[in-house]
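Below you'll find the structure, written out as structure tokens, and then a few comments.
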Amino acid sequence: MKLTLPKVITFVIAVALGVLGFIGHFALSVSLIGPYNFWFMFVGWLLLILGLLIKGL
């Protein structure tokens with residue numbers, strides 16, 4: 001299995017989701033994203049992994 005670099009937009013979206021999850025976990029005053037911090041982090045990592053495995057994503 002050969003890994004490829006993800007597109008820039010895929011990387012930016014994955015990092016943005018990871019940052020939202022990180023902020024939701026540590027900043028308790030953000031009530032909108034706090035309950036979903038795990039899912040933001042999970043989807044960010046999943047998108048990054050899929051970007052590495054699927055060529056052109």
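The values are calculated or read from the model by the stated rules, or taken from the named source; none is laboratory data. Please read all numbers here as calculations on a predicted model, not as lab measurements. Methodologically, a virtual Cβ is constructed for each residue, glycine included, from the backbone with ideal geometry; neighbour enumeration extends over all protein chains shown.
Just to be sure I understand, how many residues within segment 1-33 are free of Cβ contacts under 8 Å to residues at least 12 places away in the same chain and within 20 Å of residue 54 (Cα to Cα)?
Residues that pass the stated criteria total 4.
Output the number of residues of segment 6-56 satisfying the condition of being hydroxyl-bearing (Ser, Thr, Tyr) and surrounded by 12 or more Cβ atoms within 10 Å (Cβ to Cβ).
Within segment 6-56, the first condition is being hydroxyl-bearing (Ser, Thr, Tyr), and the residues that meet it are 10, 29, 31, 36.
Now narrow it down to the ones that are surrounded by 12 or more Cβ atoms within 10 Å (Cβ to Cβ): 10, 36.
Adding up the residues that qualify gives 2.
Identify, please: which residue in segment 26-57 is at pLDDT 85 or above and touching a helix residue (DSSP H, G or I) at 6+ places or on another chain (Cβ under 6 Å) and is, among those, nearest to residue 3 (Cα to Cα)?
Across segment 26-57, the extreme among qualifying residues is 51.
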